[in-house]
Amino acid sequence: MTFDKFFRAASYVTVGCGALALLLAGGLGGWLAAGFAVALVVAWCLEGTKRQLSERAGLFVVLLALPVFYLDWNWQADAGGAKHAGVSALVHLTLFLSTVKLLQVKADRDWLFLYLISFFQVLLAAGLSISPVYVATLGLYLFSVLLTVVCFELRKAARVAPRSETRLLVAQDSARSRRLLARIRGRGGAAQTPRELRRLPVAAFCLLLLILALALPIFFITPRFGDMAMAAGGSSATGYVGFTDQVSLGDVGRLQKSDRLVMRVRVEEANAGRGRILRWRGVALDNFDGRTWRRSSNTSELWTANERGMFQLGTTEDLRRLTTQEFFVEPIDTPVLFAASRAVALQGALPYLRREKASGTLTTRPHTRERLVYRAYSDTVEPAPEVLRLDAGAYPREARPNFQPPVENYLWLPGTLDPRIAQLARSIEASSGARTRYDFARAVEAHLNRNEFGGAYRYSLEDLSGGADPLADFLFRARAGHCEFFSTAMAVMLRTQGIAARVVNGFQSGSFNDAADAYIVRQQDAHSWVEVYFPATDSWVTFDPTPVEGRPSSAQTAAAQSRWQKYAEALDLFWIQYVVAYDKQEQRTLANTLRGGLGSLGRSLASLTRDLGRMFSSAWNSLSGAGDADAARRGLSAYVPRLLAFGAALILLFFLVRRLRRRGFVAFARRKPRADADASASAVAFYERMLKALEARGLRRAAHQTPLEFALDTGVPEALQITQTYNSVRFGARRLSQTEAAEIEQTLRQMEGKDSDK
């Protein structure tokens, strides 16, 4: 491949990367991308032919694109709304301009115009996508544009020297001059050997690594400002999520039929809470009319964050009881904030936080087109069963931190409730022998999910219950249903016996991705359970009456995923956390992690130093007769192998550094330092011989002249030939062939022979 073709290939790849970035970001349709790919192929085939557009024709078409762009913008606004009309019109304009420039005869300014358009396309794609796929496209684009810029500068610089050489050699009327002129014209002033072309991508890749090495520390150190809510690449929430002020029987079941991603959760669980089943609490509902659950009260508190973005909602008895959760919530059509039970604090760049007094439901502004990132701190430790069994007091009439009267809201039942439900509750109580609220709640839970005390129920996603009273139909006929049928049945049966209960809708913990160290929560993890109030401890205790067998779960989806898919999810989470949602809090976390790692290393080194000091002190005491010789020998036998290995490593490192300093890293990596050194020395030797021969003729090189300038000034074709060879060997890392060495030797002898004749 010639250098010019290599340069064009790198340029075409750069232009193609801009379109690829738009395609992967969702700003470019498949058909339009295919059309642009065809235009790239056609333009490549037309390079250097007479069928290319002239510069004048290309300029006319480019000017014609401006009114077309205006019409396209208006048409997009009428068809799909003004919000995305500008983006679509800009995408079409950049593709059109790139196509025109590719099809025309190109000067340097046209290539630069194409590079600028591709750069604008990559920037446009950055605003449309926050997927980690974009960073791969960006890496490819940076590599190709660096390679292209290097080739562009080499191509531009190579056109200067050959012109001067040609003017000099045309005046020399000799066969040697004509041969040298042919070589210069054939070479085109630029490297074109396969070996030299292969070095250009390596150089571009090294430049890319250097840029990343300098840019990444700046990125992680630079303070972040703005919101933790992130654009989701133009996508919006689709489908019904099911977390509103009212939920009908069957809504959560319909939600569970979808495996759409809802959120990712990273958990730092306290020692006191390890082993517990975590659920992501959404909305709590207390009013049931026989078909639909609602919130009886919408009285809420508005919370604002402190300077650290912290919303302080409550307190805990011990900080070690807190479970820290970091949520990365996808765009969904609900303002509900999810957290483990009894959230005492939230942290995030949220405009506000609203907490409903009676149910504890947390909400913020809607984010149907944005991802949301925040941290929740929850005290998930519940009172022990022994304590709850002693709770037999009356329900309070005054407000408490976790309980808002009237208590009738949690005991109210519809007037049309089937009387068989209360009879079933009493029969369960009698069969189980329950004497306390807690034991009766556990008995009802066991009746529904473990088929104890006469229960025989199963989980099903099918809508099997119906009629005027779907709850009674579920309990006495279908005996199968979604999770909200089980939670509703338990809450209603508890209320028939005077026990305050409510239904909570949220999500199961999800499937754990060990590669991402996070739970992946999908819509099929939507769940409904029951909370029962115990006044002595002012606590709502969780009960889950839904059978485990048959539940849909994202764990089944995760089991079918390959290891590479899990790594892809981990990369996606890393990209969101440390690039898109990277803020001051993440900076502090990263700094603390680095500080902790350095502190641990320092402590390890200090401990090693102390141990070595004690060992040598013990050895010295034993030699001087002042210590225990056996203990000293044991200490020496334990540390001597480590000391020997450490000393050997130091010696090896010393010789490696010494070798690198003497011969250079590249020469050491190739393991051919002597040949390269010999080639460089031989280049200096034959050039010095030429300078001495020219000095004998009265031609002395000035201190400010480069070798090529001196050779051109002499007007000696032999000097120009030897100087070009010298430059390629001395600075281009090229080796002389035997034929070239023989020719140079013969030329030098002729120059020296003329001197002797004179």
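Show me, for region 305-318, the HN-Hα J-couplings you get by feeding each phi into the Karplus relation (A = 6.51, B = -1.76, C = 1.60, θ = phi - 60°), rounded to Hz, glycine and proline as x.
Ordered by residue, 3J(HN,Hα) equals 7, 7, 5, 9, x, 9, 9, 8, 9, x, 10, 9, 6, 8 Hz.
Output needed: percent of Cα pairs per 5 Å distance bin for region 423-572, bins running from 0 to the one holding the longest distance.
In order of increasing distance, the bins hold 2, 9, 17, 18, 16, 12, 10, 7, 5, 3, 1 percent.
When the gyration tensor of region 323-367 is built from Cα positions, what are the square roots of 5 times its three eigenvalues, in whole Å, from largest to smallest?
In descending order the semi-axes read 16, 14, 10 Å.
On alpha carbon coordinates alone, what is the Rg over Rh value for region 243-329, Rh being the Kirkwood radius?
With Rg and the Kirkwood Rh in hand, the quotient comes to 1.02.
Starting from the amide H of residue 258, placed 1.01 Å from N in the peptide plane, find each other amide H under 5 Å away whose residue is 5 or more places distant or on another chain.
Close amide H contacts, sequence-distant or interchain: 524.
Answer rounded, prolate or oblate for region 288-386, using the Cα gyration tensor with square roots of eigenvalues a ≥ b ≥ c: rounded when a/c is under 1.5, else prolate when a/b is larger than b/c, else oblate. Present the calculation step by step, with values, prior to reporting the outcome.
On the way: a/c = 1.63, a/b = 1.04, b/c = 1.56.
In terms of gyration-tensor shape, oblate.
Please state the Cα pair-distance histogram of region 1-59 with 5 angstrom bins from zero: what percent is in each bin?
Per 5 Å bin, starting at 0, the Cα pair percentages come out as 4, 16, 21, 21, 20, 13, 6, 1.
Between residue 59 and residue 116, what is the label-to-label distance in nm when each label sits 7 Å out along the Cα-to-Cβ direction?
Rounded to a tenth, the inter-label distance reads 1.5 nm.
What accessible area per residue comes out for region 432-480, rounded to a whole number of Å², with a 1.4 Å probe?
43
I need the per residue convex hull volume for region 281-329, using only the alpha carbons, in cubic angstrom as a whole number.
161
If each residue of separation counts as 0.36 nm, what is the full-extension length gain between residue 649 and residue 610 once their alpha-carbon separation is subtracted?
Working: separation 39, 0.36 × 39 = 14.04 nm, distance 2.12 nm.
The residue 649-residue 610 span can extend by a further 11.9 nm.
Thinking of region 379-512 as a set of Cα atoms, what percent of all their pairs are more than 19 Å apart?
The proportion of pairs with Cα distances above 19 Å equals 56 percent.
If you put +1 on each Lys and Arg Cβ and -1 on each Asp and Glu Cβ, how big is the dipole of region 376-484 around its Cα centre, in Debye rounded to 20?
320
With all protein chains present and a 1.4 Å probe, how do 310, 263 order by accessible area, largest first?
Most to least solvent-accessible, the answer reads 310, 263.
Cα convex hull of region 426-500: mean projected area in nm², to one decimal?
Mean shadow area of the hull around the Cα atoms is 4.7 nm².
Can you give the extra length, in nm with one decimal, that the chain gains between residue 107 and residue 304 once fully stretched, where that is 0.36 nm per residue apart less the Cα-Cα distance?
Contour length minus Cα-Cα distance gives 65.0 nm.
Between region 340-401 and region 272-336, how far is it from one alpha carbon centroid to the other, in angstrom?
Using only Cα atoms, the two centres lie 4 Å from each other.
Using the crude model of +1 on Lys and Arg Cβ and -1 on Asp and Glu Cβ, and no other charge, please compute the dipole size for region 423-508 relative to its Cα centre, in debye to 20.
Charge dipole, region 423-508, about its Cα centre: 300 debye, nearest 20.
The values are calculated or read from the model by the stated rules, or taken from the named source; none is laboratory data. As the structure is a computational prediction, the values presented were derived from the model and not from experiment. So basically every Cβ, Gly included, is an ideal-geometry build from the backbone, and we count neighbours across all protein chains shown. Ligands, DNA and RNA are excluded from the accessible area calculation, which covers all protein heavy atoms including side chains. Shrake-Rupley method; radii C 1.70, N 1.55, O 1.52, S 1.80 Å.
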